[in-house]
Amino acid sequence: MLEGVNSRLSSMSSSAGDREPGIPLDNVKEDIGGPTCSGDYSRHDNAICSGDSEVKSSAVVKYSAAPPPATYALLQEKTDLKLPPANWLRENPQLGTAGTTVLGSSSKSKPFSSFGMAYDFIDCIGDDVDVVSDSENIKKLLKIPYSKSHVSMAVHRVGRTLLLDELDIQELFRRSSQTGDWTWLKEFYQRLIDQKWQRKKKSKENWYQKAILSKFLYYSINGDGAAEPVSDMNEGEEENGAEEYSSSWPTTFTSATSDAEEPDASKQESVSVDSKFALDPVMSVPKEQNLPTLFNEGENSQGLRNDFVRNIMWTFEDIHMLVGSNMPIFGGGRYPAVSLRLRDNNKPINILTGIDYWLDNLMCNVPELVMCFHVNGIVQKYEMIKTEDIPHLENSTFSTRVVKDIAQNILSFLKSNCTKEGHTYWLFKASGSDIVKLYDLTTLCEEAEEEKYQNPFTLPVAVLLYKVASNLMLKARQNRKHNGTIRTLLLNCVKLLDQERHPQIIASAHYMLSELFQLDEPPGEDGGESLRAGGSEDSYSDEDGEEEEEDLTEDDENDSYSNCSRPQDDSKAVAVIRSVGELSVPEKYTSTHQIRPSSAFPVSQDKEERCRHVLSYVLKGLKAVDGSIKKESDLPSADPNTPIPLKYEDVGANSAPEKDISLLLERVEPVQSDQKHPTRSGMIPGSWQHRMKLQLFLKASKAYYVLSDAATNLLKYGRALRYIKLSLQCYDAYCSVSGALHPQVLHFHSQCLSLCGDIQLMLAQNANNRAAYLEEYSYQTKEDQELLHSLHRESSCQAFSMATDLAMDPEYQLFVSSKCYEAAYELLVSEALKDHTSDQLSQVLKRLGNIRNEMGVYYMNQAAAMQTEKEEQELWKKSFAFFEKGMKDFEAIGDSTNTALLLCNTGRLMRICSQAHCTISTNDSRGEFSPEEALYYNKAIDYYLRAMKALGSRENHSAVWDSVNWELSTTYFTLATLLQDYAPLSRKAQEQIEREVTEAMMKSLKYCDLQTESARQPLYQYRAATIHHRLASMYHSCFRNQVGDEHLRKQHRSLAELHYSKAVSLFLSLTDAPCELLRTLLERVAFAEFTMAGQSSSVAKLKSLTGAMDIMTETRHAFQLISKELLEEQEVSCDPPAAESADSPDVASGSMSGLDLQEVIKLISVFEPSFSFLLLQVIKLMTTTKRKPSNKDEEMLKTYKNVYSKLLRAEKNAPLLSRVELYIDLLQQLTTQAGSDGSGTQKS
């Protein structure tokens, strides 16, 4: 075991030896024990034996200002310690503070000593360490059951860490008698002890003992017995010296601050904004500028500096303590480190002294004690005692296990009852009393209606809470489970401080609170539970409240507290230990109290709620900053009754784009970074107010950006525009006070402009809801107004008004949108951002391409509605220019799909141009197909073909491919139709026109996708059928008009028959084209009749007529479709729905299904004579034939005669439906007859 101690001590010594002796503490902060504490301390567990039990103790030196232990000088016997050595009272790093004062070892700790340690080892605070205190306070607590002396300590809680400091109540009252503060506590204290308070005087014997101890220590390091003649201090001087080195309370913490004290107060308040976190990564301010010292070096009388010779992480059983010690450690003896003690040989060592020595050695991991005995200052002898033997010394025997129980019980008692962070608790035991009481001074102060600043611990506690939160914030970047703890720490910190006195800490705390809320993403499932759980899980409960037992202490001195508190005073105490004897009972106080029941972090899935939290904290931070700026000038404020002006200027495309972009990029050029002039509100560049405002403005801008984005997703475009306006106003204010713009800030600005472009585009596309959007845009919350007021202190916030005003004109909104995207693009390709590659550039280019497509379509539609050619041509040019730019944007990012769509739109523009060039004759009828029309149609075809080439194949994007394919087929079809219907015979020969029509029709047919099942399949079938019908009609016409060339006539005849049969086949597959089918069949019958007219043979004629009759019977299918639609219309007209009146337009027109009744009547007027003529000719030929007719021929003739008879007798004025049904019936008879003929022929 001792070897382990040796190795630990030697490692400590070597580490300390690397430091140059005598360096002041504040200049040297070295962590001896390796990394700062993280909960897993590397240590040797040393078991201290006590009878049949043992106590585990280990110590790791975290920091030491002392040089390696020097071997102590063994003083010769009879050395007179009353004579001062030559080096007495000279500063010596070996002794530290123990030798430089006549007090010897640090018996008086400073009131804030634990805070100094906590500031230096902030990583340990809140979670890993149970107690932070001076070693003297720890010893005093553990000796409570053995000692009759009074105990007065201030206790503060941070997480699961308790900070203990001596609360010298007498010194406090001595100070308060001069300042008038704390009178309420003085009165309470006098009631408490029920006697007039008097300051105790130290005895002369006490000062005598201190003086010879100091001289003994200097002799031990000097090693030279010869004393230089030094004039002895008389007793009065010694007493004055003692007063000089006693603890002093800070004057600057008092409530009243005169004008003369203001500079000191401002120094005192320059608390570190802990730049690692308070400074956002996007800031470009050097870190050194953002690290003001916590308290001015000249103010170290506050005791806020860690001036212990060494800081030790002491683990006593399961209690982790960060302890400050000034005990001198020497080398020599059997071990590398020993402690020196001076004892009067005439006085035996009592139990209190034994515990003192034992605990000192345990805390400093010193394995041996060297005792020097003297009589009246004359050295007698030395004695060496092992640390583990100290509890067994004669007259000072004590149980280490009991000391361990006392430590655990006191810790449990304090943790159970000191539950409120930020509160100052007072642990008090009167001299000679067995009762220990705990008071909440913060609550008592509030009840006494005193200012909280009368508590001198207020600022150190607030700063510590802030520092712990800052430290946790760095960890929270990786693990958000700390967020609940951080929030509680910061809210408690802000609660303690006054905004007028400490605006910097308050502003920084609110900024940190705003940083806790994730703006860019909702809390993840994994983080949700840990956030709800809050901070640490350690918990302690108070089980002593109901205790009525009064255990006796070991030294049986129960009669010494008769003058203690009266019963009514107990009600003021938070908790009471009825008898110090209870502390010796194992596990008397157990741990079940939860540390932070209210530290759960508010988890919200709602982005708007999170942003509102952020903005609330930002506003409080800005108020704190604004309140601290001395110069108050008359600045414009946001009047809640003044509506937001809706500026609109018809700039359109006439204004210079460069000028418009420059307005949006005006804030990109940084202000001179070396500017020294105050800002508009009076801030000095580089001051903490300046740095804090930068961060708060940027945070607010980001929060409004997220709100705007969320509103956009909810289609609330008026609200979205209002939020992006506020975001850009915050950014404008940021630029007004910023010396330079970091690339990340510029990157964020480009995102804002891009989102603003999105919103303006959406507003242009949803013009119908303009009233609702205007209402959303005009609304303002009180918080927004207050934030705007703060922004106006620094800037007019008008730099981006062009982009964020709600206009009424869709064209202007599209224009603004395109300018926003262009400005965002300019930013991303600027010098500042060109090296910061990101996918945002491709996103902005895609948006640019899209807005240019939108503007191209807008102007194209405007052109289509124009009447005058000149205005129309101007719009074409605009539209074409936007399409061209858009294509370049999409090509730059390799977006073939959108490139194809823009090529497709350009093709459509060419078709509109073509339509505008059609010639109108004098009688307002359309003229011949002009060369200009042909030119634009061919250009359109070229763009469509380029679009298909860009896509490559249908697999890449089937929907776009199908759309381009359809448009291409349509363009060829329209070109062919116009050529055919308005043939330019004045310029071209008939044959050439026919060839061009055929070529265009066949190309259109090529792109008719009849195989792929899609919504367009019926349209493709209809188009293909129409193409075949038109080609058949053309060849029919050629065949009729062709004279001479028999071969060409035969060719035209066969082509006409081919295309007629294909057209009929396709029309039969459609259910919604009965008129087209009927017309095609009637034309085909006419073609057969014309063929028959040129035949001379009766047999040939009969064959042609029979073929024509077969074609005529196929019209039955068309009539059935017509009949079905007429019946449906009749049912609707007879029984209209309840919701529809009988005279509604649809019913009145008699054409609900879209059937063209006029066309039907017209076709019937052609069908009847044609059908009648065919029947008559067939009957004539069959009756005049020379050969004897067969039975079948006779039956057929009979059927023809019967049908012909019914057709002639039909009522000409009968309703259309009756006539159609008659035709179906007659055609059915012919079909049946033809079917029986076929079967008879097969049988024969």
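The values are calculated or read from the model by the stated rules, or taken from the named source; none is laboratory data. Keep in mind that this is a model prediction, so the values were computed, not measured. Cβ atoms come from the backbone with ideal geometry, glycine included; neighbour counts cover every protein chain shown. Each accessible area value is taken on the protein alone, full model and side chains, heavy atoms only, with ligands, DNA and RNA left out. Shrake-Rupley method; radii C 1.70, N 1.55, O 1.52, S 1.80 Å.
Anything in region 350-373 that is aliphatic (A, V, I, L, M) and more than 20 Å from residue 211 (Cα to Cα)? List them, or say none.
351, 352, 355, 359, 362, 363, 366, 369
Regarding region 1040-1049, can at least one residue be identified that is charged (D, E, K, R), assigned to a loop (DSSP other than H, G, I, E, B) and open to solvent by 40 Å² or more (accessible area, probe 1.4 Å)?
Scanning region 1040-1049, I find at least one residue that is charged (D, E, K, R), assigned to a loop (DSSP other than H, G, I, E, B) and open to solvent by 40 Å² or more (accessible area, probe 1.4 Å), so the answer is yes.
Which one of 834, 885 is at pLDDT 90 or above and open to solvent by 10 Å² or more (accessible area, probe 1.4 Å)?
Residue meeting the stated conditions: 885.
For residue 387, which of the numbered conditions (1) in contact with a strand residue (DSSP E or B) (Cβ under 8 Å, 6 or more places away or on another chain); (2) surrounded by fewer than 22 Cβ atoms within 10 Å (Cβ to Cβ) fails to hold?
With (1) in contact with a strand residue (DSSP E or B) (Cβ under 8 Å, 6 or more places away or on another chain); (2) surrounded by fewer than 22 Cβ atoms within 10 Å (Cβ to Cβ) applied to residue 387, the lone miss is (2).
Looking only at region 481-511, how many residues end up being touching a residue at least 60 places away in the same chain (Cβ under 8 Å), open to solvent by 40 Å² or more (accessible area, probe 1.4 Å) and assigned to a helix (DSSP H, G or I)?
2
Being touching a residue at least 60 places away in the same chain (Cβ under 8 Å), closer than 27 Å to residue 210 by Cβ and charged (D, E, K, R) is the filter here, so list the residues in region 374-429 that pass it.
Those that are touching a residue at least 60 places away in the same chain (Cβ under 8 Å), closer than 27 Å to residue 210 by Cβ and charged (D, E, K, R): 381, 429.
Can residue 395 be described as at positive phi and more than 60 Å from the chain's Cα centre (by Cα)?
yes
Residue 101: over 26 Å from residue 387 (Cα atoms), crowded, with 18+ Cβ neighbours inside 10 Å and at pLDDT 85 or above, yes or no?
It is false that residue 101 is over 26 Å from residue 387 (Cα atoms), crowded, with 18+ Cβ neighbours inside 10 Å and at pLDDT 85 or above.
For region 357-377, give me each residue that is part of a loop (DSSP other than H, G, I, E, B) and open to solvent by 20 Å² or more (accessible area, probe 1.4 Å).
Answer for region 357-377, where residues must be part of a loop (DSSP other than H, G, I, E, B) and open to solvent by 20 Å² or more (accessible area, probe 1.4 Å): just 376.
Specify the residue that is farthest from residue 685 (Cα to Cα); the eligible residues are those in region 727-753 that are open to solvent by 10 Å² or more (accessible area, probe 1.4 Å) and assigned to a helix (DSSP H, G or I).
Filtering first and then ranking leaves 751.
For residue 959, are the conditions met, namely being exposed (fewer than 13 other Cβ atoms within 10 Å of the Cβ), assigned to a helix (DSSP H, G or I), out of contact with any Phe, Trp or Tyr (no Cβ under 9 Å at 6 or more places or on another chain) and not aromatic (Phe, Trp, Tyr)?
yes
Which pairs turn up if I take residues in region 1198-1216 that are under 26 Å from residue 1124 (Cβ atoms) and look for partners that are hydroxyl-bearing (Ser, Thr, Tyr) with beta carbon separation below 6 Å, at least 6 apart in sequence or on another chain?
What qualifies is 1207/1172.
Results for (1) closer than 18 Å to residue 1018 by Cα; (2) part of a loop (DSSP other than H, G, I, E, B); (3) of a type in the set (Asp, Glu), shown as yes or no for each residue.
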residue: 1070; (1), (2), (3): yes, yes, no
residue: 1084; (1), (2), (3): no, no, no
residue: 1089; (1), (2), (3): no, no, yes
residue: 1111; (1), (2), (3): no, no, no
residue: 1120; (1), (2), (3): no, no, no
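So, in region 1051-1098, how many residues would count as being loosely packed, with under 14 Cβ neighbours inside 10 Å, more than 21 Å from residue 1002 (Cβ to Cβ) and without any contact (Cβ under 8 Å) to a residue 24 or more places away in the chain?
4
Is there any pair with a first residue in region 1169-1195 that is within 20 Å of residue 1093 (Cβ to Cβ) and open to solvent by 30 Å² or more (accessible area, probe 1.4 Å) and a second that is modelled with pLDDT of 85 or more and not in a helix (DSSP H, G or I) whose Cβ atoms are under 7 Å apart and which are 6 or more apart or on different chains, and what are they?
Note: no pairs meet the criteria.
Please name all residue pairs, on different chains or six or more residues apart, with Cβ atoms under 8 Å, provided the first residue is in region 843-872 and is more than 15 Å from residue 764 (Cα to Cα) and open to solvent by 30 Å² or more (accessible area, probe 1.4 Å) and the second residue is assigned to a loop (DSSP other than H, G, I, E, B) and not aliphatic (A, V, I, L, M).
Close Cβ pairs (under 8 Å, with a partner that is assigned to a loop (DSSP other than H, G, I, E, B) and not aliphatic (A, V, I, L, M)) amount to 846/895.
Which members of region 977-1010 meet the condition of being within 21 Å of residue 1023 (Cα to Cα), in a helix (DSSP H, G or I) and open to solvent by 40 Å² or more (accessible area, probe 1.4 Å)?
Across region 977-1010, the qualifying residues are 980, 981, 995, 996, 999, 1002, 1003, 1006.
Table: residues versus (1) within 54 Å of the chain's Cα centre (by Cα); (2) assigned to a strand (DSSP E or B); (3) modelled with pLDDT of 90 or more; (4) among the small types (Gly, Ala, Ser).
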position	(1), (2), (3), (4)
335	no, no, no, no
342	no, yes, yes, no
355	no, no, yes, no
379	no, yes, yes, no
432	no, no, no, yes
445	yes, no, no, no
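Counting just the residues of region 914-936 that are without any contact (Cβ under 8 Å) to a residue 40 or more places away in the chain and buried (at least 17 other Cβ atoms within 10 Å of the Cβ), which one comes out nearest to residue 875 (Cα to Cα)?
That would be 914.
Condition (residue is of a type outside the set (A, V, I, L, M), on the phi < 0 side of the Ramachandran plot, open to solvent by 30 Å² or more (accessible area, probe 1.4 Å) and over 26 Å from the mean Cα position of the chain (by Cα)) applied to region 779-790: is it met by at least one residue?
Scanning region 779-790, I find no residue that is of a type outside the set (A, V, I, L, M), on the phi < 0 side of the Ramachandran plot, open to solvent by 30 Å² or more (accessible area, probe 1.4 Å) and over 26 Å from the mean Cα position of the chain (by Cα), so the answer is no.
Being open to solvent by 10 Å² or more (accessible area, probe 1.4 Å) and among the polar types (S, T, N, Q) is the filter; apply it to region 690-724 and report the residue that is farthest from residue 770 (Cα to Cα).
713
Checking residue 756 against (1) touching a helix residue (DSSP H, G or I) at 6+ places or on another chain (Cβ under 7 Å); (2) assigned to a helix (DSSP H, G or I); (3) modelled with pLDDT under 90, which single condition isn't satisfied?
With respect to (1) touching a helix residue (DSSP H, G or I) at 6+ places or on another chain (Cβ under 7 Å); (2) assigned to a helix (DSSP H, G or I); (3) modelled with pLDDT under 90, residue 756 is out only on (3).
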